[in-house]
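Notes to accompany the following structure.
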Amino acid sequence: MQLIDINKARYRKHLNITIVGFISSLLVMSLLFGTVLISLFSNVGDVNELVKGASDIIVDGVQAEPESNFSYNLLGVILALLANAAILHSIKNSEYFTEIYYVWQVKQLQNLVYRKLKKIKLAAKEGEKNALIILSFYYQSQIQIYNLDDNTITLSSIEKHLAKVNDMIATSGLTINAAQFEKSLLASY
């Protein structure tokens, strides 16, 4: 995967709109699905009509709890999550989601690298070309994503790590850049 320059203002605007839209639609759909499921399958209203005025129902000496609609409400939330996931999946390749989807993909790759980072760093110290390509991509992508997300607290330490990787590349006499990174390089670690 190649790192591409993206417009930070556009990315932040689209991300914020997407987050608000996702939360809002999750809330509305959860309520809608829960209400429909309760109206179709629940018999709480029938029990309340039968009991009318009876505050306690005692069965075998134990006070019975009235039926709850928790399971229907939970199913409503799950259905809303699935519906939102399907909507996001269907529009992920649209122009509107270009930046959001790109950042999501880069973060997934960073997670894959992070899981194997210890082995990759050891191989890079030995001058292994693929390890240096992976580390170059990893640190450059972290700098890009941290800048996009305004996460600048640890940015200086990442820049130091990238400088060390660039020094290792220079001492090895290799010509390496982040564009050479491919996900398949991680398979050997």
* Number of the exception - E67 against (1) crowded, with 17+ Cβ neighbours inside 10 Å; (2) under 28 Å from L40 (Cα atoms); (3) charged (D, E, K, R) -> (1)
* Quick one: E65 ticks every box in (1) modelled with pLDDT of 60 or more; (2) assigned to a loop (DSSP other than H, G, I, E, B) bar one, so which box is it? -> (1)
* Grab the helices (runs of 4 or more DSSP H) fully contained in the range 79-168, keeping just those with 2 or more residues being within 21 Å of the chain's Cα centre (by Cα) and either modelled with pLDDT under 95 or surrounded by 12 or more Cβ atoms within 10 Å (Cβ to Cβ) (or both). => 98-115, 129-148
* Asked: Could you say whether any residue in the range 178-188 is crowded, with 16+ Cβ neighbours inside 10 Å and either in the same structural domain as S24 (by TED's automatic domain parsing) or in contact with a Lys or Arg (Cβ under 8 Å, 6 or more places away or on another chain) (or both)?
  -> yes
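The values are calculated or read from the model by the stated rules, or taken from the named source; none is laboratory data. In this text the structure is predicted, and so the values were computed from the model without any measurement. Don't worry about glycine lacking a Cβ; one is built from the backbone with ideal geometry, like all the others, and counts go over all protein chains shown.
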